[in-house]
Amino acid sequence: MANYSKLSVIQAMKETGLVPVFYNSDVETSKKVLKACYDGGVRVFEFTNRGDFAQEVFGELVKYAVKELPGMIVGVGSVVDPSTAAMFIQLGANFVVGPLFNPAIAPVCNRRLIPYCPGCATPTEIGAAQEAGCDICKVFPGDVLGPAFVKGIKAPMPWSQIMVTGGVKPTKENLEAWFKAGVTCVGMGSNLFPKDVMAAGEWKKITELCAETLEVIKSLK
């Protein structure tokens, strides 16, 4: 069961502007990354369903966050069907993100008052998702669609709250382009967790990168 209300999750996404997107099959490594992000000021974290037994790692992360990281909101990503959404909700997911929009997932999340942020790549998909009760839509893949797409959406649909994921970089130039276009927040994966840093277990560098990224976002909002 979710520990945070739908309103508080959405508000945290809007206030911080950053949602790290991460997957690792090892529980302890995942905990260290979650803690590093938390220490850097992150308060919304997406663990993706991208490997066998991902749900087991996710369950342990949620328990760890509840016990050790007050205020850290953990959700699940890469969800494409309602049964998977239901499973992760049962494990404590505070929000559900997908690479696509599956209308059947929306009622599962709505019934439990949990935000569903589906992946959308057209105005029609965004409109359909909003009609289904999705407060924040994920524009994906961001590096393909670009900031101009977000700006184009916001012109006729200014009420849209958009999280862009895919190719977002922790640089002022990249972040400025997205936030000037009108995104509510950004999802950031591999660029926030460099392979060499992960391999060396330099968790402090992830903390620093998160803090620096949040500072840049704060200056742009």
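The values are calculated or read from the model by the stated rules, or taken from the named source; none is laboratory data. All of these numbers come straight from a predicted model, not from anything done at the bench. In this analysis, Cβ positions are derived from the backbone assuming ideal geometry, glycine residues included, and neighbour counts consider all displayed protein chains.
One line per residue, one yes/no per condition, for (1) farther than 22 Å from C210 by Cα; (2) in a loop (DSSP other than H, G, I, E, B); (3) at pLDDT 95 or above:
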site: E46; (1), (2), (3): no, no, yes
site: G51; (1), (2), (3): yes, yes, yes
site: A85; (1), (2), (3): yes, no, yes
site: I89; (1), (2), (3): yes, no, yes
site: F101; (1), (2), (3): yes, yes, yes
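Can you find, within region 46-67, the residue that is nearest to the chain's Cα centre (by Cα) among those that are within 10 Å of N24 (Cα to Cα) and loosely packed, with under 15 Cβ neighbours inside 10 Å?
If we take residues in region 46-67 being within 10 Å of N24 (Cα to Cα) and loosely packed, with under 15 Cβ neighbours inside 10 Å, then R50 is nearest to the chain's Cα centre (by Cα).
Can you run down the residue pairs with Cβ atoms below 8 Å, 6 or more apart or on separate chains, where the first is in region 79-99 and among the acidic types (D, E) and the partner is surrounded by fewer than 24 Cβ atoms within 10 Å (Cβ to Cβ)?
Listed pairs, sorted by first residue: D81/N102; D81/A104.
What residue, among those in region 68-80 that are under 18 Å from the mean Cα position of the chain (by Cα) and outside any loop (DSSP other than H, G, I, E, B), is nearest to K31 (Cα to Cα)?
Selected residue: V74.
Out of all the residues in region 122-160, which are closer than 21 Å to P82 by Cβ and touching a Phe, Trp or Tyr at 6+ places or on another chain (Cβ under 7 Å)?
Residues satisfying the conditions are E125, A128, A129, C134.
Based on this model, can you work out whether V33 counts as of a type outside the set (D, E), within 15 Å of M188 (Cβ to Cβ) and in a helix (DSSP H, G or I)?
Numbers: of a type outside the set (D, E): yes; within 15 Å of M188 (Cβ to Cβ): yes; in a helix (DSSP H, G or I): yes.
In short, yes.
Please work out which residue is nearest to the chain's Cα centre (by Cα), limiting yourself to region 163-221 and to residues that are of a type in the set (K, R) and under 17 Å from C37 (Cα atoms). Don't jump to the end; show me each part of the working.
Pass one, region 163-221, residues of a type in the set (K, R): 169, 172, 180, 195, 204-205, 218, 221.
Narrowing the set further to residues that are under 17 Å from C37 (Cα atoms) leaves 169, 195, 204-205, 218.
Values: K169: 14, K195: 20, K204: 21, K205: 20, K218: 17 Å.
Here the residue is K169.
Cβ contacts < 6 Å: first residue under 16 Å from V44 (Cα atoms), restricted to region 173-196; second residue among the aromatic types (F, W, Y) and not in a strand (DSSP E or B), any location; separation 6+ or different chain. Result?
These pairs meet every condition: V186/W178.
Looking at the structure I just gave you, is A129 touching a residue at least 40 places away in the same chain (Cβ under 8 Å), among the small types (G, A, S) and crowded, with 17+ Cβ neighbours inside 10 Å?
On the way: touching a residue at least 40 places away in the same chain (Cβ under 8 Å): no; among the small types (G, A, S): yes; crowded, with 17+ Cβ neighbours inside 10 Å: yes.
Considered against the rule, which asks whether it is touching a residue at least 40 places away in the same chain (Cβ under 8 Å), among the small types (G, A, S) and crowded, with 17+ Cβ neighbours inside 10 Å, A129 comes out as no.
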